[in-house]
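Taking it in order: structure first as structure tokens, then the write-up.
Values in this text are rule-based calculations from the coordinates and carry no lab data. A quick note: this is a predicted structure, and the numbers were derived from the prediction, not measured. Backbone-built Cβ (ideal geometry, glycine too); neighbour counts: all protein chains shown.
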């Protein structure tokens with residue numbers, strides 16, 4: 001049993017995806033916020049459970065050569081980043097280790113071929129989507145501002161006010177300030193998640209890096225908000241001296257649920273267009289309020305280029321793009337394939353994908369609505385034999401029924417795009433048991449300074465199967 005009055009010396013051997021250093025004392029894993037792999041630290045145990053404990057750094061005995069001062073004043077409090085105390089090249093080393101460890105430990109792949117992480121040249125102001133919490137203020141904070149517009153504190157549901165975020169666009173930072181003033185000006189009741197009362201819940205700003213189009217989304221509990229014209233005018237005013245930005249869309253999203261979902265399903269256009277247009281790698285993509293679209297456009301291009309490289313299409317292939325979203329990967333592959341069929345369970349995303357096909361004059365790509373595990377057997381039952389299947393699931397990974405359907409379809413090649421190395425490794429283990437071998441994996445850093453890493457894995461079917 002640990003004594004909270006004692007100090008324990010330990011070496012930090014790993015880093016959690018929340019940015020906590022991991023060491024061991026008496027065989028027990030200790031998670032230590034603010035500690036970096038390679039450091040020797042003295043900690044006080046603040047929390048002790050059966051299998052893990054949490055410690056607080058009392059002294060850094062041997063600092064890491066990668067330790068630096070965070071460039072954001074909110075690092076350590078805000079839950080958005082978490083790795084800013086680590087020099088960027090050190091972050092890349094850690095993220096590669098995450099991928100290799102999980103492929104080996106969870107996936108059972110011996111000595112997996114994992115390339116160095118593809119870095120971002122200038123890893124700031126990279127997010128094209130800012131998703132702010134709008135929260136009530138209490139006590140002395142009421143004297144400072146009318147509401148909180150910011151992000152959650154690390155590992156909590158508590159919102160902290162962020163006056164400037166260095167990984168968001170300047171447009172998003174300015175619009176957040178407009179919303180603070182808006183709540184004060186119109187005495188807008190801010191949503192309280194504990195009681196389920198109030199009107200304004202979230203502010204979302206989407207910026208199309210290729211065109212400069214800006215969409216502003218207000219998530220509220222009603223179909224109307226006060227002062228919409230005032231808001232539109234103030235947002236336009238805030239952006240008018242910023243070269244390269246164009247305020248094109250203002251949307252009200254209605255979310256009355258008391259659950260944790262950020263957005264509801266109903267969107268009302270308050271001003272401008274219901275969508276904005278982005279340009280990437282010579283193609284245009286229509287983005288709606290509910291569209292999923294990768295948040296780092298610079299690195300997304302590198303990610304998609306790697307998918308195209310792994311595909312090695314000759315123009316005769318049939319490609320199935322599963323979890324296709326708004327069709328980005330499928331439309332890029334359609335340039336070099338005979339036929340592309342995308343499957344997506346979100347109906348709105350399928351509509352966006354088919355519009356994007358029309359927008360780009362793509363006649364050999366189609367996108368269908370349904371669960372991939374149900375639609376894939378229908379396609380193979382119609383005699384459609386895929387030469388390549390692309391998997392790009394959410395963090396939870398692929399549905400087991402889908403993996404079974406993919407194995408049954410038996411394409412000679414699979415490309416798996418993952419945002420969670422752990423679920424990637426789990427799914428690759430299943431596919432390995434059904435005749436597929438991971439040839440190589442390429443991590444791409446879409447989330448500098450945060451505990452996330454994107455991975456593109458190439459799989460081929462064993463000749464004996």
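A few points about this structure:
- Neighbour-count ranking [beta-carbon atoms within 10 angstrom, fewest first] of 92, 103: 92, 103
- All Cα-Cα separations within the range 109-254 were binned at 5 Å from zero, giving a P(r) of 2, 9, 18, 21, 18, 12, 8, 4, 3, 3, 2, 1, 0, each value a whole percent of the pairs.
- Placing R0 at 25 angstrom, the Cβ-Cβ distance between residue 51 and residue 157 gives a FRET efficiency of 0.55 after rounding to 0.05.
- Debye log10 I(q)/I(0) for the range 8-62, one point scatterer per Cα, at q = 0.15 Å⁻¹: -0.31
- MRE, 222 nm, helices only [DSSP H, n ≥ 4, -39500 (n - 2.57), over the chain, to nearest 500]: -7500 deg cm²/dmol
- Candidate values (i) 4, 20, 26, 21, 15, 9, 4, 1, 0; (ii) 4, 18, 26, 26, 18, 7, 1, 0; (iii) 4, 20, 30, 25, 13, 4, 2, 1, 0, 0, label of the one derived for P(r) over Cα pairs in 10 Å bins from 0, in percent: (ii)
- P(r) tail fraction, the range 28-118 - alpha-carbon pairs more than 17 Å apart, %: 62
- Relative protection proxy for 79-88, 224-233, 325-334, 387-396, from highest mean packing down: 325-334, 79-88, 387-396, 224-233 (other beta-carbon atoms within 10 angstrom).
- Rounded to the nearest 5, the antiparallel percentage of DSSP beta bridges internal to the range 129-277 is 75%.
- log10 of Debye I(q)/I(0), alpha-carbon scatterers only, for the range 155-208 at 0.26, 0.30 Å⁻¹: -1.17, -1.25
- Beta bridges by DSSP in the chain, antiparallel share as percent, to the nearest 5: 65
- Cβ-to-Cβ counts within 10 Å put 151, 292 in ascending order as 292, 151, the fewest first.
- Projected-area mean, the range 174-286, by convex hull of Cα positions, square nanometres: 7.5
- Amide N proximity, the range 112-142 versus residue 187 label position 7 Å along Cα-to-Cβ, cut-off under 15 Å: none
- For the range 152-179 versus the range 227-278, the gap between their alpha-carbon centres in whole angstrom: 16
- DSSP finds beta bridges in the range 8-62, and of those with both partners inside it, around 85 percent are antiparallel.
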